[in-house]
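Written out below as structure tokens is the structure these notes cover.
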Amino acid sequence: MKKREWRNRVIHFIVVLSLCLAIIAAPAVAIKADDSATYTACCCEDWLINQVESTRVPDITVPSVNLTAAHEMRIDDASMTILGASIALNHVVFAFNDTAPDTTVTVSGELSLILPIPDSEDLSLSPRFRLECTVSCEAGDAPQLSDINDINIAGESYSLSTSELDTIMDTINSAIDASGWTLGSSPDGNLMGIDVNSSGELVLSWDDGDPTSLDATAVTGKLQSAMDILVDEANNYLSTGYGDPNGKWWLRVAIVTDTMLTLNAQATVFGLTAKIEDMDITFPGCTAVNATGTVSLEGKQATFDATGSICGANYTPDLSLDTLGIDCEYSVINDLVKDNQADLCDALSTLATNVIEEIGLTCPVCFNNIGIEGDNLKVWLEGIPITGVTYEVNCEILPEVTVKLFDNGENLQDSTTSDVNGNYTVYAPEAGNYTVIASKTDFLDETQEPVEVKEGDDSVTLDFCGDHGLIPLVIRLPETSLDYFLLCMNLYLEDWGEYDIGLDKFLATMNAYLERW
């Protein structure tokens with residue numbers, strides 16, 4: 001139970017991260033790309049609803065079924081990958097009674113959760129599990145679990161209450177019903193025994209009528225059909241379930257004036273209700289983000305707190321998690337988060353990046369500051385603008401150049417692309433010396449440093465021209481390459497003011513010319 005709860009918590013934390021990304025890109029607001037944007041709680045809520053409704057569940061790989069060992073059915077490779085995170089059931093063995101017809105089954109296997117971490121070994125959690133259950137099946141109906149006991153996870157045994165066991169069985173049975181799974185019973189019989197014979201067949205015995213035999217191909221086909229139906233049901237649930245009177249899922253977003261954004265959400269699946277309650281998101285300064293709240297699954301609750309940063313560089317949001325804490329009744333989960341905090345933060349930050357790439361999430365503005373102003377969420381650029389124009393070394397305006405701002409080698413997450421006239425603007429957060437790098441495909445990068453920003457400056461002008469114009473990697477066209485080279489030679493030999501180039505720049509340009517040949 002502990003590890004299962006742990007997996008559910010991780011999924012909820014992904015939701016927490018995704019929310020921060022969601023609220024800054026609400027497409028319901030038509031905003032021209034400039035330096036700021038504001039969003040009401042209604043805008044944030046509408047955007048989230050739209051994202052949930054348009055989400056699609058990935059197809060699930062059908063596991064392999066092995067019936068070669070007597071009295072055992074083995075299932076492998078039951079896995080699903082979502083946004084780079086892999087969830088799988090491995091080496092699952094169903095062991096049947098080998099002495100007399102019986103419907104008691106011992107199930108053992110491994111639950112694997114793998115979270116990706118860039119440039120490092122992935123975070124992998126793979127607890128083993130074992131339990132005993134009893135299967136019943138009335139004539140013509142879907143099979144059902146009628147009892148669960150002897151639960152052991154990661155080497156620890158758990159004694160759950162009757163109500164907790166009933167909840168687990170009800171959820172599994174509801175999923176079986178929804179999948180359309182059947183065992184192929186006789187018209188009038190009830191299930192009396194399950195076993196795997198020496199011929200490699202799953203044999204079902206009934207209290208009336210002949211036994212039913214299924215080979216591995218038939219079992220695989222039933223699994224495929226059941227999974228296809230469940231995927232369709234899940235997609236239908238997401239796309240049509242909001243505000244359903246029977247209670248599928250809903251969410252509410254509120255903004256506390258000048259204080260925080262608050263989220264509440266609830267989803268009911270197969271009679272099991274999960275909630276996010278009072279998730280408060282605050283923005284203590286610039287790009288910092290704090291989130292606290294409670295996640296619950298039926299009667300089980302856990303409080304959490306997380307800190308991170310968020311910004312929108314070049315109209316693409318970026319979110320990273322710095323700290324993560326959790327407090328629940330299972331000490332093993334609390335210890336697991338504490339012991340793996342750095343890896344968890346890296347993995348969840350990666351999942352946030354994958355969310356952005358998967359749905360093509362963009363910001364209507366570039367921003368390096370975020371906060372609550374009045375009853376709105378506001379994102380904006382703040383700092384001292386560094387502006388200029390980007391040119392080729394031959395003095396022609398060069399558009400679509402990426403310009404990035406660095407401080408002591410650290411990218412300040414403030415980058416932009418020059419427009420058709422070569423104009424660009426980046427923002428220095430405070431006075432100091434910075435490095436500005438201009439780059440474009442098929443051109444050599446151009447660096448200017450130190451770029452001094454003084455206290456009290458309204459703006460700083462920094463053009464990439466003359467000695468800082470961008471040099472093509474190869475001056476390509478035969479009919480123009482000589483003219484290009486001669487023009488650059490003239491810029492070196494004559495005084496052209498701001499467009500003049502020095503010896504080093506001329507030699508670099510000459511190398512590009514010679515490379516053509």
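As an exercise: evaluate ASN334 against (1) surrounded by 15 or more Cβ atoms within 10 Å (Cβ to Cβ); (2) touching a residue at least 12 places away in the same chain (Cβ under 8 Å) and give the number of the one condition it does not meet. All conditions are met except number (2). Evaluating VAL107 against the criteria (1) of a type in the set (A, V, I, L, M); (2) touching a Pro at 6+ places or on another chain (Cβ under 7 Å); (3) within 20 Å of ASN66 (Cα to Cα) leaves one unmet condition, (2). The residue of segment 468-486 that is nearest to ASN421 (Cα to Cα), among those that are surrounded by fewer than 19 Cβ atoms within 10 Å (Cβ to Cβ) and at pLDDT 70 or above, is LEU473.
Candidates SER225, SER213, SER205, SER146: the one that is modelled with pLDDT of 85 or more and touching a Pro at 6+ places or on another chain (Cβ under 7 Å) is SER205. Restricting the first member to segment 218-237 and to residues that are within 27 Å of GLY200 (Cβ to Cβ) and not assigned by TED's automatic domain parsing to the domain that holds VAL269, and the second to residues that are among the β-branched types (Val, Ile, Thr) and in a helix (DSSP H, G or I), the beta-carbon pairs closer than 9 Å and six or more apart or on different chains are ALA226/ILE176. Do we have any residue at all in segment 301-321 that's assigned to a loop (DSSP other than H, G, I, E, B) and more than 24 Å from THR402 (Cα to Cα)? For segment 301-321, residues assigned to a loop (DSSP other than H, G, I, E, B) and more than 24 Å from THR402 (Cα to Cα): absent.
Note on segment 391-465: enclosed strands (runs of 3 or more DSSP E) holding 2 or more residues that are among the aromatic types (Phe, Trp, Tyr) and under 27 Å from ASN369 (Cα atoms) are 423-428. Being under 19 Å from GLU452 (Cβ atoms) and over 30 Å from the mean Cα position of the chain (by Cα) is the requirement here; does GLY422 meet it? Here the answer is no, as GLY422 does not meet what is asked. Within segment 142-163, being surrounded by fewer than 16 Cβ atoms within 10 Å (Cβ to Cβ) and either part of a helix (DSSP H, G or I) or β-branched (Val, Ile, Thr) (or both) holds for THR162, SER163.
Between VAL57, VAL92, VAL62, which is without any contact (Cβ under 8 Å) to a residue 60 or more places away in the chain and either closer than 30 Å to LEU348 by Cα or assigned by TED's automatic domain parsing to the domain that holds PRO211 (or both)? The match here is VAL92. Within the set VAL355, VAL436, the sole residue that is among the hydrophobic types (A, V, I, L, M, F, W, C) and either modelled with pLDDT of 85 or more or on the phi > 0 side of the Ramachandran plot (or both) turns out to be VAL436.
Which numbered condition trips up CYS311, out of (1) out of contact with any His (no Cβ under 8 Å at 6 or more places or on another chain); (2) under 23 Å from LEU251 (Cα atoms)? The number of the failed condition is (2). ALA41 meets all of the listed conditions (1) assigned by TED's automatic domain parsing to the domain that holds CYS137; (2) over 24 Å from ASP232 (Cα atoms); (3) of a type outside the set (S, T, N, Q); (4) at pLDDT 85 or above but one, namely (1). Scanning segment 433-454 for residues that are charged (D, E, K, R) and within 11 Å of GLU392 (Cα to Cα) yields LYS440, GLU446.
The set of residues from segment 164-202 being crowded, with 17+ Cβ neighbours inside 10 Å, of a type in the set (Ser, Thr, Tyr) and either at pLDDT 85 or above or assigned to a helix (DSSP H, G or I) (or both) comprises THR167, SER179.
The values are calculated or read from the model by the stated rules, or taken from the named source; none is laboratory data. Please read these numbers as outputs of a predicted model, since none were measured by experiment. Don't worry about glycine lacking a Cβ; one is built from the backbone with ideal geometry, like all the others, and counts go over all protein chains shown.
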